[in-house]
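Undergrad: A single structure is presented below for examination.
Nothing in this text is a laboratory measurement; each read-out follows from the coordinates by a stated rule. The structure presented is a predicted model; accordingly, all values stated were derived computationally and were not measured. Cβ: placed from backbone, ideal geometry, glycine included. Neighbour counts: every protein chain shown.
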Amino acid sequence: MKKLILVALFVNFTHTIASTNYCDQKNDPIAKAMQNAIGKKEIPGGVVLITHQGKTIYQKAFGKVSLKPYKTTAKEGSMYDLSSLTKLYTATLIMRLHQKRVLDVKKPVSFYIPSFRRLDKAAITIEQLLTHRSGLPAESKISHYSTDIEATIEHIAAVPLKAAPGEKFIYSDLGPIVAGFLAEQVTGKPLGMILKDYVLLPLNLYQTFMFPPPRFFEQIAPSNSADGKLLHGRVYDPRAYAMGGIAGNAGLFTVAADVAKFAQIFLQKGMFEGSQFLSEQSVAMMTTAPSDMPVNEKRGIGFDIDTKYSSPRGELFARTSFGHTGFTGTSVWIDSNSQTIVVLLTNYLHPDGKNCLHPDGKGNISSLRHEIGTLAAKIVQKPAALKAKK
């Protein structure tokens, strides 16, 4: 009996030491990477959260959440503009509607939206919208986006294609925007309401908002300025902003813990609290690239798998891992092999927008994502590697 107690104490002590080593500032390479980026003024601050096998093993805030008009320290519960991570929630909504047979992702968009019944766009499928293989360009004139959503969709339907549907991968905001409108069409409800009903509330994502209430103001990370005003609690993305603050491509605000909770369903084959939130088939369609997709163009419905935007994968996570990035400096990466989720939330555009990504997805934030992904993989694969070298 004494022997068993001693073994238990030893195991508990060892676990405590391991946890201390990668949470201790001096021996924490993730903290070093974040502080280095802050020191170089690449980011004002941010939050890193890592889960492994369903448990949070790392959660830490760094630097400032705001530099202007006043300085505010970042906290683990700081709230960030998710930017393009919103596309994952839109894709999840679409797959839930697909499961309920409200729509069929294999069908052409033109089946649901008359303005797409054009010679060049009639064959575009909903799946192609969300795997960025519709042929739609990366963007179009912001002046054509407004709260008149139908007019906005008419504009997108008239934009010349950059490639034939299904021909190549072109990362585009337009596809998810159309998908969000399509969800409105088939349900007869506004996108914000459908996202709440089908995704946010069923997953208990109570700190995820389209328009964060005033009580969260102090914990919201502001981004860059628009129209001479600092964007604080309003989406940065100019198209979503013009469309009223929420669209299929951007508009959600949340905390790191809620991102991890959302991501966890994709490690649990769609299960949430004992219920099948997403079918296993839906999860597979979202997280697995079709075999005919070329190298460096691998996407699922919503998720990035292996493209030039896959920097959060780092050096060690599997090529079959998946995730997404957001222009404001956010990312989530999920590795099924090690049952790991890595969330990085920053507002690197703050305060003046000088840290913008290059068109090819490379840049300082891309390098930081890559580094955090590599270090996170080291934690879960070999925690001892993070112990301080004496």
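Undergrad: At 7 Å along the Cα-to-beta-carbon direction for both K68 and K189, put a label point, then send me their distance in nm to one decimal.
TA: Spacing of the two 7 Å Cα→Cβ label points: 4.0 nm.
Undergrad: Return the Rg/Rh ratio of the chain with Cα-based radii and a Kirkwood Rh. List each step's numbers first, then the result.
TA: Working: Rg = 21.1 Å, Rh = 21.4 Å.
Over the Cα atoms of the chain, Rg/Rh equals 0.98.
Undergrad: Among 207-218, 338-349, how do they line up by average Cβ neighbours within 10 Å per residue, starting with the highest? Don't skip to the end; give the middle numbers.
TA: Values: 207-218: 15.1, 338-349: 26.8.
Ranked from most to least packed, the peptides come out as 338-349, 207-218.
Undergrad: Fully extended, how many nm does the chain gain between A138 and S291 (0.36 nm per residue separation, minus their Cα-Cα distance)?
TA: Values: separation 153, 0.36 × 153 = 55.08 nm, distance 2.40 nm.
Answer, rounded to one decimal: 52.7 nm.
Undergrad: Starting from the Cα of E315, move 7 Å in the Cα-to-Cβ direction to define the label point; list residues of the stretch 27-70 whose amide nitrogen is under 16 Å from there.
TA: 29-30, 33
Undergrad: Using only C-alpha positions, report the orientation-averaged shadow area of the convex hull of the stretch 197-239, nm², one decimal.
TA: Projected over every direction and averaged, the Cα hull of the stretch 197-239 covers 3.9 nm².
Undergrad: Which net charge results for the neighbourhood of S223, defined as the other residues with beta-carbon distances under 10 angstrom from its beta-carbon, given Lys and Arg at +1 and Asp and Glu at -1?
TA: Cβ neighbours under 10 Å give a net charge of -1.
Undergrad: Along the charge dipole of the chain, which of A257, A61, P351 sits closest to the positive end, that is, farthest toward it, with unit charges on the beta carbon of Lys, Arg, Asp and Glu (+1, +1, -1, -1)?
TA: The Cα lying farthest towards the positive end belongs to A61.
Undergrad: Sum -39500 (n - 2.57) across every DSSP H segment of at least 4 residues in the chain, then divide by the residue count to get the 222 nm mean residue ellipticity, nearest 500.
TA: -9500 deg cm²/dmol
Undergrad: Using only Cα atoms, find the angle between the long axis of helix 86-99 and the longest principal axis of the chain, and express it within 0 to 90 degrees, rounded to the nearest 10.
TA: Taking the Cα atoms of the chain, the angle to 86-99 is about 70 degrees.
Undergrad: Using Cβ contacts closer than 10 Å as the measure, can you line up R369, R101 from fewest to most?
TA: Details: R369 26, R101 7.
In order of increasing Cβ crowding within 10 Å: R101, R369.
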